[in-house]
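> Here's a structure for you.
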Amino acid sequence: MGEEVKLFRTWSSSFALRIVWALKIKGIEYETVFEDLSNKSPLLLQYNPVHKKVPILVHNGRPIAESLVILEYIDETWKQAPLLPKDPYERAMARFWAKFGDDKVLTSIWSVFIKQGKEQEEALVATMENLKFLEEEMKGKKFFGGERIGYVDLALGYLANLISIFEEIVGLKIVDEEKLPLLYSWMQDFAEAPIIRDNWPPREKMIVKFQALLDAAIASSSSSS
Amino acid sequence: MADEIILLDLWASMLGMRVRVALAEKGLKYEYREQDLRNKSPLLLEMNPVHKKIPVLIHNGKPICESLIIVQYIDEVWYNKSPLLPSDPYQRAQARFWADYTDKLYELGRQLWLTKGEEQETAKKGFMECLKLLEGELGDKPYFGGQNFGFLDVALVTFSCWFFAYESFGNFSVEAECPKLVAWSKRCMEKESVSSSLEDPLKIHGFVIMMRKELGVE
């Protein structure tokens, strides 16, 4: 059967990682198309004219954009190794936590990384509040999906890597083992899990990239004041 | 055993209206509880501790939050009446993609009546761009769901009762720029589930006047 699956991504995109993991967990063969976001290909613009972003999944010539939408599409199209639970209430909860991750958690952690002084302190407080909710959600579970990695783990999973990179660059502890023991364990377990551990972007390259972003942010904020 | 369904909501919220439309589409009986967001009830804080916002659906004691997540939940539990999401995974992905996109209208719309001058112009431009893209997605179909009213229709139609307020404060006409979209919204209003769930645009306009006063916008 001629299944053609292509994933448009960048080497560092956290959102694209979700799709890499999902495809590999389900054992789906696919072709990777790496994009340079400073020079977007005509195909990218054709496949995602609304947002012009990655990741984009193209299945038999038909594009799907927005990583959480893609995850659900993958789960509905390839039934092996299910990512979302069957029960409608648990599905609603999974969607809720994934959205919380994107809307609130990522925003606050990014602020901790990119801001300085009082703004950074406030961002840390907000981050702790957000992470406490995730800590609560982890009670009695190894992964957010339970015994196995699921949709929420894939949605939040990039944090397992990115947080330690931010902590290293900024010299601040975001996930303290004593304050957030369950989340801390989850980050270790997830990062080391089969398939997940083989697909992290190169750490040194990530540090260089994010250090440069931070330097640029500091430079522009000091020059505008 | 009868289902117990409670909706925590604010009458003017277009996000809460999405849930009301979905419940009506499925013919479900529920208890509506109006919330005062300036003085949040213990129930709201208990049922949505993360965001402390409406709408919240409480089904047999268990809360579901975030309007589009609630609508999907309703569609999945009561799947044998008026399905909102299509059955084909690709069509479902398109519906979800565009439904998420409609959420942009919420913040842009807010900026339209909250700000003035250049900020407002930027919001207006963004708002109209969104509507035009959505109108393009509708094409010549009667509904976004095709022949049948569906998930994306639910996500967007509730904004239509806010158009008059947006137009008044933003000084523009949705119908002039997106006539097909306005025609679609009128078509939707012919459905009982929609007309009984959306609020009177004049009342919404009054609500915005009150909010602007409260927030000191003049």
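> Could you count how many residues in region A:27-46 are closer than 22 Å to B:GLN94 by Cβ and open to solvent by 50 Å² or more (accessible area, probe 1.4 Å)?
So the answer is 6.
> What number of residues within region B:6-24 are in a strand (DSSP E or B) and open to solvent by less than 10 Å² (accessible area, probe 1.4 Å)?
Here the count works out to 3.
> Any idea which of B:ARG187, B:ARG212 is of a type in the set (Lys, Arg), part of a helix (DSSP H, G or I), out of contact with any Gly (no Cβ under 8 Å at 6 or more places or on another chain) and open to solvent by less than 70 Å² (accessible area, probe 1.4 Å)?
Exactly one residue qualifies, and that residue is B:ARG212.
> Moving to a separate point now. Considering (1) over 15 Å from A:PHE210 (Cβ atoms); (2) open to solvent by less than 20 Å² (accessible area, probe 1.4 Å); (3) aliphatic (A, V, I, L, M), say which one A:LEU159 fails and leave the rest.
Going through (1) over 15 Å from A:PHE210 (Cβ atoms); (2) open to solvent by less than 20 Å² (accessible area, probe 1.4 Å); (3) aliphatic (A, V, I, L, M) one by one, A:LEU159 breaks only (1).
> Taking B:PRO49 as the residue in question, decide whether it is under 18 Å from the mean Cα position of the chain (by Cα) and either surrounded by fewer than 22 Cβ atoms within 10 Å (Cβ to Cβ) or not acidic (Asp, Glu) (or both).
Here the answer is no, as B:PRO49 does not meet what is asked.
Table: residues versus (1) more than 10 Å from chain A (Cβ to nearest Cβ); (2) loosely packed, with under 15 Cβ neighbours inside 10 Å; (3) part of a loop (DSSP other than H, G, I, E, B); (4) among the aliphatic types (A, V, I, L, M).
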position	(1), (2), (3), (4)
B:LEU84	yes, no, yes, yes
B:GLN94	no, no, no, no
B:TYR101	no, no, no, no
B:LEU105	yes, no, no, yes
B:LYS125	yes, yes, no, no
B:GLU137	no, no, no, no
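> Could we say that A:LYS24 is of a type outside the set (Phe, Trp, Tyr), away from chain B (no Cβ under 12 Å), open to solvent by 30 Å² or more (accessible area, probe 1.4 Å) and part of a strand (DSSP E or B) here?
Details: of a type outside the set (Phe, Trp, Tyr): yes; away from chain B (no Cβ under 12 Å): yes; open to solvent by 30 Å² or more (accessible area, probe 1.4 Å): yes; part of a strand (DSSP E or B): no.
Spelling it out, it is not the case that A:LYS24 is of a type outside the set (Phe, Trp, Tyr), away from chain B (no Cβ under 12 Å), open to solvent by 30 Å² or more (accessible area, probe 1.4 Å) and part of a strand (DSSP E or B).
> Here is a list: A:LYS118, A:LYS99, A:LYS104, A:LYS141. Which entry is more than 18 Å from A:LEU71 (Cβ to Cβ), among the basic types (Lys, Arg) and under 19 Å from the mean Cα position of the chain (by Cα)?
A:LYS104
> Of the residues B:PRO63, B:PRO49, which single one is over 26 Å from B:PHE149 (Cβ atoms) and part of a strand (DSSP E or B)?
That would be B:PRO63, the only listed residue that is over 26 Å from B:PHE149 (Cβ atoms) and part of a strand (DSSP E or B).
> Also, I was wondering about something else. Can you confirm whether A:SER13 is of a type in the set (S, T, N, Q), within 18 Å of the chain's Cα centre (by Cα) and within 28 Å of B:VAL71 (Cβ to Cβ)?
The answer is no for A:SER13.
> Still on this model: Within region A:76-96, track down each residue that is more than 9 Å from chain B (Cβ to nearest Cβ) and either more than 18 Å from A:ILE149 (Cα to Cα) or open to solvent by less than 20 Å² (accessible area, probe 1.4 Å) (or both).
A:LEU83, A:LEU84, A:ALA94
> Name the residue that is nearest to the other protein chains (Cβ to nearest Cβ), counting only residues in region A:97-119 that are touching a Ser or Thr at 6+ places or on another chain (Cβ under 7 Å) and in contact (Cβ under 8 Å) with a residue 40 or more places away in the chain.
So, considering only residues that are touching a Ser or Thr at 6+ places or on another chain (Cβ under 7 Å) and in contact (Cβ under 8 Å) with a residue 40 or more places away in the chain, the one nearest to the other protein chains (Cβ to nearest Cβ) is A:ILE109.
> Grab the helices (runs of 4 or more DSSP H) fully contained in region A:71-174, keeping just those with 1 or more residues being over 30 Å from A:VAL5 (Cα atoms).
A:88-100, A:106-114, A:117-137, A:159-170
> Could you grab me the full set of residues in region B:107-123 that are assigned to a helix (DSSP H, G or I) and of a type in the set (Lys, Arg)?
Of everything in region B:107-123, just one residue is assigned to a helix (DSSP H, G or I) and of a type in the set (Lys, Arg), namely B:ARG110.
The values are calculated or read from the model by the stated rules, or taken from the named source; none is laboratory data. Keep in mind the model is a prediction, meaning the values are calculated, not measured. Using ideal geometry, Cβ is built from the backbone for each residue, glycine included, and neighbour counts are taken over all protein chains shown. Areas reflect the complete protein model, heavy atoms only, side chains present, ligands, DNA and RNA absent. Shrake-Rupley method; radii C 1.70, N 1.55, O 1.52, S 1.80 Å.
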